[in-house]
Amino acid sequence: MLLLLETPWVRSEHDPERRLVRYTRTALGFSTIIELEQSYGALILSTQQMDRTRLGLLVDLREAPPRNDPTFEQVMGVYRSRM
């Protein structure tokens, strides 16, 4: 696996053999929506040069603190569609 991105909130790796990007959330919660936007924006930028139509995406949220307030869900909806 090749490390693409590592922040306090996320780790992203690329497995070229399996044509897979693994996105793992850490146990650290987002304190602000700005942190969320910066984190997901960096994730999207880290894969921008790849042919994402030929990649699978594995999202591991097991350690992520649960959160589903309306503002969070609205912002996440934008990033889910871009990922």
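The values are calculated or read from the model by the stated rules, or taken from the named source; none is laboratory data. On a predicted model such as this, the values are computed, not experimentally measured, just so you know. Positions of Cβ are generated from backbone atoms using ideal geometry, with glycine treated the same way; all protein chains shown enter the neighbour counts.
Does segment 26-35 hold any residues that are modelled with pLDDT under 95 and either in contact with a strand residue (DSSP E or B) (Cβ under 9 Å, 6 or more places away or on another chain) or of a type in the set (Asp, Glu) (or both), and which are they? Across segment 26-35, the qualifying residue is only 35. Determine if segment 50-67 includes at least one residue that is modelled with pLDDT of 90 or more, farther than 20 Å from residue 7 by Cβ and not in a helix (DSSP H, G or I). Yes - at least one qualifying residue is present in segment 50-67. The criterion of at least 3 residues that are surrounded by fewer than 15 Cβ atoms within 10 Å (Cβ to Cβ) is met, among strands (runs of 3 or more DSSP E) falling completely within segment 1-43, by 2-6. Quick one: is residue 21 aliphatic (A, V, I, L, M), touching a Ser or Thr at 6+ places or on another chain (Cβ under 9 Å), free of Cβ contacts under 8 Å to residues at least 60 places away in the same chain and under 15 Å from residue 62 (Cα atoms)? No, not satisfied.
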